[in-house]
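What follows is a set of notes on a single structure, which appears directly below.
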Amino acid sequence: MEIFNFDGKLLEKAERAEKKLSDVFYRNEENCRHNSLKVLKAFIDNNVSDMHLKGTTGYGYGDEGRDKADRVFADIVGAEDALVRYNFVNGTHAISTMLFGILRPGDTMLSVTGTPYDTLEQVINGDKGGSLKEFGVSFEQIDLLDGGRPDLEEIRKRAKSAKMIYIQRSRGYSLRPSLNVSAIMEICEAVRGEGSHAVIAVDNCYGEFCEYVEPTSVGADIIAGSLIKNPGGGICSAGGYIAGKRDLVELCAERLTVPGTGREAGCSLGMQNRELFMGMYNAPLAVYNALKTAVFASAFFEELGFEVFPTSEEYRTDIITSIKLGSPERLTAFCEGIQAYSPVDSTAAPEPWDMPGYNCKVIMAAGCFTSGSSIELSADAPLREPYAVWMQGGTSYYAAKAAVVGAAQRLLDKGLLTL
């Protein structure tokens, strides 16, 4: 930290914040140990070899590496099957493929975690053409109770009328707590306890490897997420995944490509397979560093007098820290600070813009080796009340820690922070 010319009082607060986190850091380290060994066992059990790291061209028929990656990932997350592909352009695409693969005209999708993340709005009810609504799929939601708890009683009442029970694990652009795996298990038990055969689907973005098990190990039928977030380990340069029950994954594969072809086609050009395997192998360590960064950011900004979600000592089930900054000026300055202490594009100046999939201007900071890779280190926020920023990632804890302090330094330099 002495390499950068940070204010001495900021460094004192950073040191004080870090010193009180030893127990939390140890808990995260134990989680990393468990998940690292779980991933290693999946690689060994599936006999991954050098031949599986090589790519294919054309149609990609018989791509052993691609198919082996599916089996390894399924074992890691406790699922029957998985679809791990660079064809997915982002996490929303993977989730959308899951929805369109399973839901049919006349079906009802019931979100039990309130309004889904912004980018799914067009997928569900949008007017751009091809939304679930346009295809005759109904959408309903059950809001979370105070404190972010699922409304289990209401879920029991309405579970039988739905084809899909939809759970968003992370908080999106809200300040409610993320759902831990235990809460997801309670939802699954509430649904099955009423005899419902609805498909329980989970948006698992930002939550992978944050706990010992994934939702597919506690009753969820299917999960989906992005490879440039947690499970790609900061190494995958694109892609997403769907994992769960075999028949459901097959339906999603038919939607990802075309009916009748499904998962059998789709080449892994160049080094894609190598990236997939390396990313999965390194993911638990990358998530550990991201969690450590998130915990530090919460503790540090608590020291500075800001309200943070979750607090530094709360149990975490995703890599996101939200900081309520209170004004658009502070929000912009924070993102400028994160960008200025990034390894790539440190001279870029983040500005709010009309990002596709959002209903207001969004500002983003991400000096990443892979564009938009949230697991590396990024911060983003909609320009609306309560002017909070959502920060995630940090594959290198010490570099990410410097960026967090750098964001505070930018606030100080602009007269937006008083020590």
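The values are calculated or read from the model by the stated rules, or taken from the named source; none is laboratory data. Only a predicted model underlies this, so the values are computations on that prediction, with no experimental measurement involved. Positions of Cβ are backbone-derived with ideal geometry, glycine not excepted, and every protein chain shown enters the neighbour counts.
For the range 1-26: of the residues being touching a Phe, Trp or Tyr at 6+ places or on another chain (Cβ under 8 Å) and assigned to a helix (DSSP H, G or I), which is farthest from residue 415 (Cα to Cα)? Residue satisfying both the conditions and the ranking: 18. Kindly indicate whether residue 336 is touching a Cys at 6+ places or on another chain (Cβ under 8 Å), in contact (Cβ under 8 Å) with a residue 12 or more places away in the chain and acidic (Asp, Glu). No, not satisfied.
Here residue 316 passes the criteria (1) at pLDDT below 95; (2) farther than 20 Å from residue 366 by Cβ; (3) surrounded by fewer than 23 Cβ atoms within 10 Å (Cβ to Cβ) except the one numbered (3). Of all the numbered requirements in (1) surrounded by 18 or more Cβ atoms within 10 Å (Cβ to Cβ); (2) closer than 30 Å to residue 319 by Cα, residue 158 misses one, and that requirement is (2). Considered as a group, the residues in the range 140-182 that are within 19 Å of the chain's Cα centre (by Cα) and small (Gly, Ala, Ser) include one that is nearest to residue 211 (Cα to Cα), and that residue is 182. Quick check, is residue 219 in a loop (DSSP other than H, G, I, E, B) and without any contact (Cβ under 8 Å) to a residue 60 or more places away in the chain? Taking the combined requirement at face value, the residue satisfies it.
Cβ-Cβ contacts under 8 Å between residues 6 or more apart (or on different chains), taken from a first residue in the range 253-265 that is closer than 15 Å to residue 66 by Cα to a second residue that is among the β-branched types (Val, Ile, Thr) and outside any helix (DSSP H, G or I), are listed as 263/257; 265/257.
Can you name every residue in the range 178-216 that is part of a strand (DSSP E or B) and within 17 Å of residue 320 (Cβ to Cβ)? If you could, list the steps in order and put the result at the bottom.
Within the range 178-216, the first condition is being part of a strand (DSSP E or B), and the residues that meet it are 199-203.
Result: 202, 203.
Determine whether the range 160-170 contains at least one residue that is modelled with pLDDT under 95 and closer than 27 Å to residue 389 by Cα. Looking for residues that are modelled with pLDDT under 95 and closer than 27 Å to residue 389 by Cα, one finds at least one in the range 160-170, hence yes. Taken over the range 256-287, residues that are hydrophobic (A, V, I, L, M, F, W, C) and assigned to a helix (DSSP H, G or I) amount to 9.
When you go through 137, 84 one by one, which is the residue that is at pLDDT 95 or above, closer than 17 Å to residue 244 by Cβ and either more than 23 Å from the chain's Cα centre (by Cα) or of a type outside the set (Asp, Glu) (or both)? Can you show your working first?
Values: 137 fails: closer than 17 Å to residue 244 by Cβ.
Residue meeting the stated conditions: 84.
If the condition is being surrounded by fewer than 22 Cβ atoms within 10 Å (Cβ to Cβ) and either in contact with a Leu (Cβ under 6 Å, 6 or more places away or on another chain) or assigned to a helix (DSSP H, G or I) (or both), then the range 296-313 contributes 302, 303, 309.
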